[in-house]
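Just below is one structure, and these are the notes that go with it.
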Amino acid sequence: MEVYVDDMLVKAPKRADHIKNLAEAFSLLCQYRMKLNPNKCTFGVSSGRFLGYLVTQRGIEAHPRQIKAILEMKSPSTVKEIQSLTGRAATLNRFLSRSTDKCRPFFETLKKGQRDKSDEECEVAFHNLKTYLTSPPLLSKPTPGEDLFVYLAVFNSAQKAAINAQALANFVAEFTPSAEEEKLVNKKKESLKANGMSVEPSQPRDMWQLRINGASNQKEAGAGVVITTPDGTVLEQAITLGFLASNNEAEYEALLSSLRLAKELAIKKLAIYSDSQLITNQASGEYMAKHPRMILYLDKVQELLKAFPTFTIQQVRRAENAHVDPLASLGSALDTQFRRSILIEHLDRPSIKEIEPIDTIKIDEDPSWQDPIIDYLVNENLPADKSEARKVQQKAA
């Protein structure tokens, strides 16, 4: 059984197994007292449209309506028409082999912002796409035991810059293990697997891991820091902010507090992880800070990072950073199976200098159409005019 939001699909590769699967599905429905709408149920379907595709015994095919939409298009002559073409092609990208290369001329035209009349490459690509869609491929489920062939095609438009051959050879030679080293590594992996342990690459032995997170609401803000030493010891710190701060500011306060702590511990190699895309990209130099407060925070971070000869800053998924969430929220959701002590620090003021507030102008709010309705619902007041009073009662209902 597969479930898509509010649609359920019971299927079987063989017709004989379908009745058995349906019986099991209905047993589960009865067990949990779920009801189905008979008008929306279909049984014994061997082919049909599902989630925008045609599903048959052969496999999954593109819907003819989607293909027809491109085949009936005239040659695009404007940027808007090219955008429409690329949008329709994107819905069929699963059925287009090397779709990026087939649509590359269209993307290059969109980058230029205009279609040149002499752009023959775009015209050729359009006709080749039409020819290809006259017989699109079929997506089918592999049969157990069947040989699968995987190929990789790299085009000139997808290549990186040229690499010095000697530099590449030196890199490969440096990081290729010897035969004896490879035997020892494989032996260790087999031993770990036999004991039920996962085999994953680890950080360098002297690398410290630093995970940060910040949280804020209308009343308070907090931050959390988790430092993992090279030997696996976990140091945790919860930070309460005694001033109003945005979520990004709380993230920066967490980063600054953790960097100050790492500096006191004389850490030389540091791997920093955060689920904030803004903080990680600004700190690594990928993004430019534009907001005045973010600029001040970024300057503080860059100043502290000078104390670490080796460091990395990486964005991780929120689930991978869940250990820091309870600390940032100052909650009690930490795992209590291990005895631990958590350091709590309180900051009375931001780590950066306050910006002088800009003079604001008070703007009087105009009366709202909702005012008489709210007055009626709360205080049961109605306008003196009977027709207006009737309108307010109707709208309030």
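The values are calculated or read from the model by the stated rules, or taken from the named source; none is laboratory data. Note that the structure is predicted; figures quoted are calculated from it, not measured. A quick note on method: Cβ atoms are made from the backbone with ideal geometry, for glycine too, and the neighbour counts reach across all protein chains shown. SASA here: full protein model, heavy atoms, side chains in, ligands and nucleic acids out. Shrake-Rupley method; radii C 1.70, N 1.55, O 1.52, S 1.80 Å.
Below are the figures for this structure:
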item	result
Enumeration of residues in the stretch 14-35 that are of a type in the set (Asp, Glu) and under 37 Å from the mean Cα position of the chain (by Cα)	24
Any hit, the stretch 134-142, residues being modelled with pLDDT of 75 or more, hydroxyl-bearing (Ser, Thr, Tyr) and either outside any loop (DSSP other than H, G, I, E, B) or in contact with an Asp or Glu (Cβ under 9 Å, 6 or more places away or on another chain) (or both)	no
Flag for residue 349 being assigned to a loop (DSSP other than H, G, I, E, B), modelled with pLDDT under 75 and among the basic types (Lys, Arg)	no
Residue count for the stretch 297-327, restricted to those that are out of contact with any helix residue (DSSP H, G or I) (no Cβ under 7 Å at 6 or more places or on another chain), open to solvent by 60 Å² or more (accessible area, probe 1.4 Å) and either small (Gly, Ala, Ser) or part of a helix (DSSP H, G or I) (or both)	7
Extreme residue, nearest to residue 9 (Cα to Cα), among residues of the stretch 43-74 that are in contact (Cβ under 8 Å) with a residue 24 or more places away in the chain and either part of a strand (DSSP E or B) or aromatic (Phe, Trp, Tyr) (or both)	50
The stretch 81-98, residues that are part of a loop (DSSP other than H, G, I, E, B) and either open to solvent by 60 Å² or more (accessible area, probe 1.4 Å) or without any contact (Cβ under 8 Å) to a residue 24 or more places away in the chain (or both)	91, 98
Contacts under 7 angstrom Cβ, first residue in the stretch 207-228 being open to solvent by 40 Å² or more (accessible area, probe 1.4 Å), partner in a loop (DSSP other than H, G, I, E, B), 6 or more apart	208/229; 208/230; 208/267; 209/203; 216/245; 216/246
Hits in the stretch 3-12 - residues which are part of a loop (DSSP other than H, G, I, E, B) and surrounded by 10 or more Cβ atoms within 10 Å (Cβ to Cβ)	10, 11, 12
Residue in the stretch 17-38 that is surrounded by fewer than 10 Cβ atoms within 10 Å (Cβ to Cβ) and either charged (D, E, K, R) or touching a strand residue (DSSP E or B) at 6+ places or on another chain (Cβ under 6 Å) (or both) present	yes
Residue 28, sole failed condition from (1) in contact with a helix residue (DSSP H, G or I) (Cβ under 9 Å, 6 or more places away or on another chain); (2) modelled with pLDDT of 75 or more	(1)
Number of the exception - residue 171 against (1) open to solvent by less than 90 Å² (accessible area, probe 1.4 Å); (2) in a helix (DSSP H, G or I); (3) modelled with pLDDT under 80	(1)
Filter result (farther than 23 Å from residue 206 by Cβ and either of a type in the set (Val, Ile, Thr) or touching a helix residue (DSSP H, G or I) at 6+ places or on another chain (Cβ under 9 Å) (or both)) within the stretch 261-284	275, 276, 278, 279, 282
Residue identified as of a type in the set (D, E, K, R) and under 20 Å from residue 134 (Cβ atoms) among 102, 20	102
